[in-house]
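Report on the structure given below.
The values are calculated or read from the model by the stated rules, or taken from the named source; none is laboratory data. Predicted, not measured: the structure shown is a model, and the values here were computed from it. We place every Cβ from the backbone using ideal geometry, glycine too, and count neighbours over all the protein chains shown.
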Amino acid sequence: MPEEHDYLTKEKYEEFEKELQTLKHDKRKEVAKNLEYAKSLGDLSENAEYHAAREAQAVLEDRIKKLEMLLKHAEVVEKHHVDDVSVGSEVTIKRKDNGTEFTYVIVGSEEVDMGSGKISNRSPLGSAILGKKKKEEFSVETPAGKVTYTIVSIK
């Protein structure tokens, strides 16, 4: 199976870097302080504060590991004008059956935000759009059946 890249915009990469630094420095200190306080309360086997602090520590360390791996292996994409659709492209498509137009930005899975029109390159629609050129038709299988679209514009 081919390796799939995690794509990030420069802005999202920087946002994750900032979050990682905050987690590693500020949040780790906060969690350690809470853990020490909970230990001071006595019997650890029945100490709810201690168990909650340990759980918070585990969640924090998991997030730090995830961000470190993501940043290490992510490919940063720039917005660009191209002839065919790629990650970072803004694409307007039109449904063939009813003429409804949709505009999406193709992003990596960590940046998906349907509310602002950002779809994953790994989603059924996103993967079907990749590599297509302006005026090209393509189809996507949906629960309601196959839907055909035409590429209107690529930015």
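Quick look at the numbers
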read-out: Whichever residue in the stretch 1-36 is hydroxyl-bearing (Ser, Thr, Tyr) and at pLDDT below 90 and, among such residues, is surrounded by the most Cβ atoms within 10 Å (Cβ to Cβ); value: Tyr7
read-out: Selection status of Gly117, within 19 Å of the chain's Cα centre (by Cα), under 17 Å from His5 (Cβ atoms) and touching a residue at least 12 places away in the same chain (Cβ under 8 Å); value: no
read-out: Listing of helices (runs of 4 or more DSSP H) fully contained in the stretch 1-98 that carry 2 or more residues being of a type in the set (A, V, I, L, M); value: 28-40, 48-73
read-out: Residue list for the stretch 14-37, filter: over 30 Å from Glu111 (Cβ atoms) and within 35 Å of the chain's Cα centre (by Cα); value: Ala32, Lys33, Asn34, Leu35, Glu36
read-out: Residue that is farthest from Asp83 (Cα to Cα) [pool: residues in the stretch 99-155 that are charged (D, E, K, R) and part of a loop (DSSP other than H, G, I, E, B)]; value: Arg122
read-out: Considering residues of the stretch 46-98 that are closer than 30 Å to Tyr149 by Cβ and free of Cβ contacts under 8 Å to residues at least 60 places away in the same chain only, the residue surrounded by the most Cβ atoms within 10 Å (Cβ to Cβ); value: Ile93
